[in-house]
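K.L.:
This structure is in structure tokens; I'll ask about it shortly.
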Amino acid sequence: MSTTPARRTTRVLHTHADLRAALADAPRPIGLVPTMGWLHEGHRSLMQRARAENATTIATIFVNPRQFNEAADYQQYPRNEARDLAICEEEGLDFVFAPPVEEVYPPGFDTIVSVGAVARPLEGAARPGHFDGVATVVAILFDLVGAERAYFGQKDAQQVMVIRQMARDLAIPTDVIACPTVREPDGLALSSRNVHLSPTERAAAPVLRRALTAARDRWEAGERSGDALRAAMTRVLASEPLAKPDYVSVADGLTLAELERVDGPALLSLAVRFGDTRLIDNELLDSG
Ligand code: AMP
């Protein structure tokens, strides 16, 4: 909750051994923020929440090759470690863990953490192997850090569900906390991938948010048909020629099964391509 600029020095660690040693006598509780770097206001919001709620805070910066289902996407993922470290310092984090790929996946590494049903639809179907990569690296990080709490963005809603399932099933006592999506003023969710959008694609990209809002408006007006809500999103996306929808979903908020009728908590979500850049966004419907 601190509003004054941070004055702590952030310690950067690169190996599992150094990380375990540094955290052995760190004040508890520990708050963990896993990232792939190219940090933006969305990441900062997770760091600020972690700092407000924990005695020790650590971010990880690791572009995890195993969660990319396309090699080119991994190669082109934006990276700038110096800038990222400056942001972690500004946010007053105690530690940054930035391991090389060989530290996380040494020769002979041969284990996959694979979550079941909740990892299969949506991003799991569109990006085969993606959630195996996510669950595997997050299981490693959870075990290494032993944090009381870990912070994730609701922007990746299915990822939060997959990680919660993984932590529950593996009896990892880290609380998985979902934080609200941070957006540009025009509604576009902040994402490291936004840097790849051309100016015209960037101008078109807020259509994701408009599509979600249109469906939410229909739901608030009483519409409960899954097809009608999907059609409302598809119609808005069709108004933007540069937007090429990958999927448009109205799914059960707990199981992610596609819904015929929305009678309880539901997740509206979509994935849309603009040229080579694929963006996702979502909106939770919960009258609860
Ligand atoms: P990434 O570096 O893209 O893997 O993201 C690291 C964490 O930041 C994940 O938990 C994301 O869900 C979260 N995140 C990414 N974008 C946003 C955003 N716009 N608002 C809030 N959290 C975000």
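K.L.:
Let me have the relative contact order for the chain, percent, based on Cα pairs under 8 Å that are six or more residues apart.
P.N.:
Relative CO of the chain lands at 17 percent.
K.L.:
Going by the alpha-carbon gyration tensor, a ≥ b ≥ c the square roots of its eigenvalues, is region 171-288 rounded (a/c under 1.5) or, if a/c is not under 1.5, prolate (a/b greater than b/c) versus oblate?
P.N.:
Oblate shape, in that a/c is at least 1.5 and b/c is the bigger or equal ratio.
K.L.:
Just read off the accessible area of Leu254 with the full protein assembly in place, 1.4 Å probe, to the nearest 10 Å².
P.N.:
140
K.L.:
Length gain on complete extension for the stretch Asp175 to Ala22, per 0.36 nm per residue less the alpha carbon to alpha carbon distance? Could the numbers behind the result be given before it?
P.N.:
Details: separation 153, 0.36 × 153 = 55.08 nm, distance 2.12 nm.
That pair, Asp175 and Ala22, stretches by 53.0 nm at full extension.
K.L.:
Once neighbouring chains are kept in place and the probe is 1.4 Å, which whole percent of the accessible area of the chain is contributed by carbon and sulfur?
P.N.:
With neighbouring chains kept in place, the figure for the chain is 52 percent.
K.L.:
Give the accessible surface of the chain per residue, rounded to a whole number of Å², with probe radius 1.4 Å and ligands, DNA and RNA excluded.
P.N.:
46
K.L.:
Within the chain, which DSSP H helices have Cα atoms that stretch 15 Å or more along the helix axis and a mean Kyte-Doolittle hydropathy of at least -0.5?
P.N.:
130-145, 157-169, 226-238
K.L.:
Rounded if a/c is under 1.5, else prolate if a/b is larger than b/c, else oblate: which is the chain, with a ≥ b ≥ c the root eigenvalues of its Cα gyration tensor? Spell out each step's value before the answer.
P.N.:
Values: a/c = 1.67, a/b = 1.59, b/c = 1.05.
Prolate is the answer for the chain, as a/c is 1.5 or above and a/b outweighs b/c.
The values are calculated or read from the model by the stated rules, or taken from the named source; none is laboratory data. Not measured: the values here are computed from a predicted model. Just the protein is used for accessible areas: all its heavy atoms, side chains included, with ligands, DNA and RNA removed. Shrake-Rupley method; radii C 1.70, N 1.55, O 1.52, S 1.80 Å.
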